[in-house]
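Student: Sharing a structure, written as structure tokens. Questions coming.
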Amino acid sequence: DAGITQSPRHKVTETGTPVTLRCHQTENHRYMYWYRQDPGHGLRLIHYSYGVKDTDKGEVSDGYSVSRSKTEDFLLTLESATSSQTSVYFCAIRRGQGGYTFGSGTRLTVV
Amino acid sequence: KNQVEQSPQSLIILEGKNCTLQCNYTVSPFSNLRWYKQDTGRGPVSLTIMTFSENTKSNGRYTATLDADTKQSSLHITASQLSDSASYICVVSTGGGNKLTFGTGTQLKVEL
């Protein structure tokens with residue numbers, strides 16, 4: 001979607017295993033975000049990045065970590081996946097004029 | 001606490017009909033308000049963005065309104081099409097546009 005891709009699109013993993021989701025952009029934007037989307041909730045911010053190696057927590061950051069070693073890649077890691085982390089994860093980039101573009105999402109199931 | 005509430009939760013209309021979706025917010029300080037369309041299995045896609053001083057913004061058959069005094073917004077869809085079937089999400093931003101508060105969306109289904 002318009003210069004932002006997420007991988008994998010779908011993943012099933014077992015409780016207690018580490019999981020890493022990848023967000024890749026091709027447009028050199030400074031700000032990148034990870035959200036989760038669950039039924040009955042609006043999208044909620046997990047972590048965001050405002051530059052290489054510059055990250056900060058969002059409202060639902062417990063159990064998640066992120067890394068940004070290159071401008072184009074923003075990784076979300078679940079250190080030890082739990083069933084409560086079953087969700088759809090969206091990455092977003094912030095464009096100029098305040099616009100945001102979202103990726104197509106990763107559907108993660110923790111069994 | 002910043003909140004965005006949307007109504008109705010879901011809506012079914014016949015193709016060709018118009019509909020209006022509502023959004024009420026209690027976000028402060030207000031920066032801008034956005035409407036997104038989210039197709040099943042896809043990420044949200046921006047329809048409109050309005051600042052404090054804008055009352056109306058159109059994007060094809062989509063027209064958004066904003067009343068900053070009452071903290072309400074609406075999204076009007078004209079002459080609906082089957083492809084309009086999606087979730088419509090109202091998003092209010094604060095902090096210079098860097099912090100977003102999302103509504104839970106209105107699920108619209110357009111039928112023949």
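Student: How many residues are within 14 Å of chain A (Cβ to nearest Cβ) and open to solvent by 20 Å² or more (accessible area, probe 1.4 Å) when one looks only at region B:43-53?
Tutor: To start, the set of residues in region B:43-53 that are within 14 Å of chain A (Cβ to nearest Cβ) comprises B:43-52.
Remaining after also requiring open to solvent by 20 Å² or more (accessible area, probe 1.4 Å): B:45-47, B:49, B:51-52.
Count: 6.
Student: Moving on. Select from region A:90-111 the residues that are within 9 Å of another protein chain (Cβ to nearest Cβ), part of a strand (DSSP E or B) and not aliphatic (A, V, I, L, M) and write down the one among them that is nearest to B:Val91 (Cα to Cα). Let's see the steps before the verdict.
Tutor: Looking only at region A:90-111, we keep the residues that are within 9 Å of another protein chain (Cβ to nearest Cβ), and these are A:90-92, A:94, A:97-105, A:107.
Filter once more, so that each one left must be part of a strand (DSSP E or B): A:90-92, A:94, A:100-102, A:107.
From what's left, not aliphatic (A, V, I, L, M): A:90-91, A:94, A:100-102, A:107.
Values: A:Phe90: 15, A:Cys91: 16, A:Arg94: 14, A:Tyr100: 11, A:Thr101: 13, A:Phe102: 13, A:Arg107: 22 Å.
Filtering region A:90-111 for residues that are within 9 Å of another protein chain (Cβ to nearest Cβ), part of a strand (DSSP E or B) and not aliphatic (A, V, I, L, M), the one nearest to B:Val91 (Cα to Cα) comes out as A:Tyr100.
Student: So which residues in region B:1-24 are closer than 18 Å to A:Tyr35 by Cβ and in a strand (DSSP E or B), if there are any at all?
Tutor: Those that are closer than 18 Å to A:Tyr35 by Cβ and in a strand (DSSP E or B): B:Val4, B:Gln6.
Student: Restricting the search to region A:10-37, which residues are on the phi > 0 side of the Ramachandran plot and at pLDDT below 95?
Tutor: Let us first name the residues in region A:10-37 that are on the phi > 0 side of the Ramachandran plot, namely A:16, A:28.
If the condition is that a residue be on the phi > 0 side of the Ramachandran plot and at pLDDT below 95, then A:Asn28 is the only one that fits.
Student: Filter region A:89-109 down to the residues that are within 11 Å of A:Lys11 (Cβ to Cβ) and open to solvent by 10 Å² or more (accessible area, probe 1.4 Å) and list them by number.
Tutor: As a first pass, look at region A:89-109 and keep what is within 11 Å of A:Lys11 (Cβ to Cβ): A:89, A:106-109.
Answer for region A:89-109, where residues must be within 11 Å of A:Lys11 (Cβ to Cβ) and open to solvent by 10 Å² or more (accessible area, probe 1.4 Å): A:Arg107, A:Thr109.
Student: Scan region B:5-16 and report the pairs whose first residue is farther than 12 Å from B:Lys109 by Cα and at pLDDT 95 or above and whose second residue is hydrophobic (A, V, I, L, M, F, W, C) and part of a strand (DSSP E or B), with Cβ atoms within less than 6 Å and a gap of 6+ or a chain change.
Tutor: Pairs that qualify, where the first residue is farther than 12 Å from B:Lys109 by Cα and at pLDDT 95 or above and the partner is hydrophobic (A, V, I, L, M, F, W, C) and part of a strand (DSSP E or B), are B:Gln6/B:Cys23; B:Gln6/B:Cys90.
Student: For region A:1-89, please list each of the strands (runs of 3 or more DSSP E) lying entirely inside it that holds at least 2 residues being over 20 Å from B:Asn98 (Cα atoms). Quick ask: steps written out before the conclusion?
Tutor: Working: elements: A:4-7, A:10-13, A:19-25, A:32-37, A:44-51, A:54-57, A:64-70, A:73-78.
Filter on region A:1-89 gives A:4-7, A:10-13, A:19-25, A:64-70, A:73-78.
Quick grid of which residues meet (1) touching a Ser or Thr at 6+ places or on another chain (Cβ under 8 Å); (2) touching a residue at least 24 places away in the same chain (Cβ under 8 Å):
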residue: B:Leu21; (1), (2): yes, yes
residue: B:Thr26; (1), (2): no, yes
residue: B:Phe30; (1), (2): yes, yes
residue: B:Thr51; (1), (2): yes, no
residue: B:Lys57; (1), (2): yes, no
residue: B:Ser93; (1), (2): yes, yes
residue: B:Lys109; (1), (2): yes, yes
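Student: With the condition being within 14 Å of another protein chain (Cβ to nearest Cβ) and either open to solvent by 20 Å² or more (accessible area, probe 1.4 Å) or closer than 20 Å to B:Gln9 by Cβ (or both), I'd like the strands (runs of 3 or more DSSP E) fully within region B:54-112 carrying at least 1 qualifying residues.
Tutor: B:56-59, B:86-94, B:99-102, B:106-111
Student: Among (1) of a type in the set (Gly, Ala, Ser); (2) within 9 Å of chain B (Cβ to nearest Cβ); (3) more than 25 Å from B:Leu33 (Cβ to Cβ), which single condition is A:Gly40 missing?
Tutor: A:Gly40 satisfies every listed condition except (3).
Student: Among the residues of region B:7-39, how many are open to solvent by 60 Å² or more (accessible area, probe 1.4 Å) and within 14 Å of chain A (Cβ to nearest Cβ)?
Tutor: Adding up the residues that qualify gives 5.
The values are calculated or read from the model by the stated rules, or taken from the named source; none is laboratory data. Given the structure is predicted, the values throughout are model-derived calculations rather than measurements. Reconstructed Cβ throughout: ideal geometry from the backbone, glycine too, with neighbour counts over all protein chains shown. Quick note on the areas: whole protein, heavy atoms, side chains included, nothing else; ligands and nucleic acids left out. Shrake-Rupley method; radii C 1.70, N 1.55, O 1.52, S 1.80 Å.
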